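A.B. asks: The structure that follows is given in the form of structure tokens.
Any read-out appearing in this document is the output of simple, stated calculations on the displayed coordinates, not a laboratory observation. Given the structure is predicted, the values throughout are model-derived calculations rather than measurements.
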Amino acid sequence: MFELKNKEGSSYHFTLKAKNGQVILSSEVYNSKAAAVNGIASVQKNASEDGRYERKTAKDGKFFFNLKATNGQVIGSSQMYSSESGMENGINSVKENAAGADTKEI
């Protein structure tokens with residue numbers, strides 16, 4: 001499920017949640033609802049492509065990933081994971097959940 005949130009005024013942000021309710025991907029802040037909705041559509045379009053995931057290691061040794069659009073722009077980022085296998089499980093969860101996910105505005 002995508003949750004689309006109005007942050008302040010015309011600023012919007014979305015998260016993708018797994019079936020267990022855990023956030024598996026978070027977006028940047030968008031300056032309009034339409035831009036955030038386009039971001040959700042881009043996640044749905046790009047989530048199945050393994051090459052769109054940028055796997056990274058933070059300075060503290062934790063793992064995270066970014067999902068990028070075809071133009072190379074980051075459209076979503078994960079939480080921090082303590083292991084590389086946890087990060088890979090997060091990527092697989094995005095792949096499994098994004099395409100058919102409904103959007104709920106909260």
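A.B. asks: What whole number of Å gives the distance from the Cα centroid of the range 67-90 to the Cα centroid of the range 18-62?
C.D. replies: Cα centroid to Cα centroid, the span is 7 Å.
A.B. asks: Hey, another quick one. Relative to the first principal axis of the alpha-carbon coordinates of the chain, what is the inclination of helix 33-46, with its axis defined by its Cα atoms, in degrees from 0 to 90 and to the nearest 10?
C.D. replies: That helix lies at roughly 40 degrees to the long axis.
A.B. asks: With an 8 Å cut-off on Cα pairs and a minimum separation of 6 or more residues, tell me the relative contact order of the range 2-105 in percent.
C.D. replies: Values: 186 pairs, mean separation 29.1, N = 104.
It rounds to 28 percent for the range 2-105.
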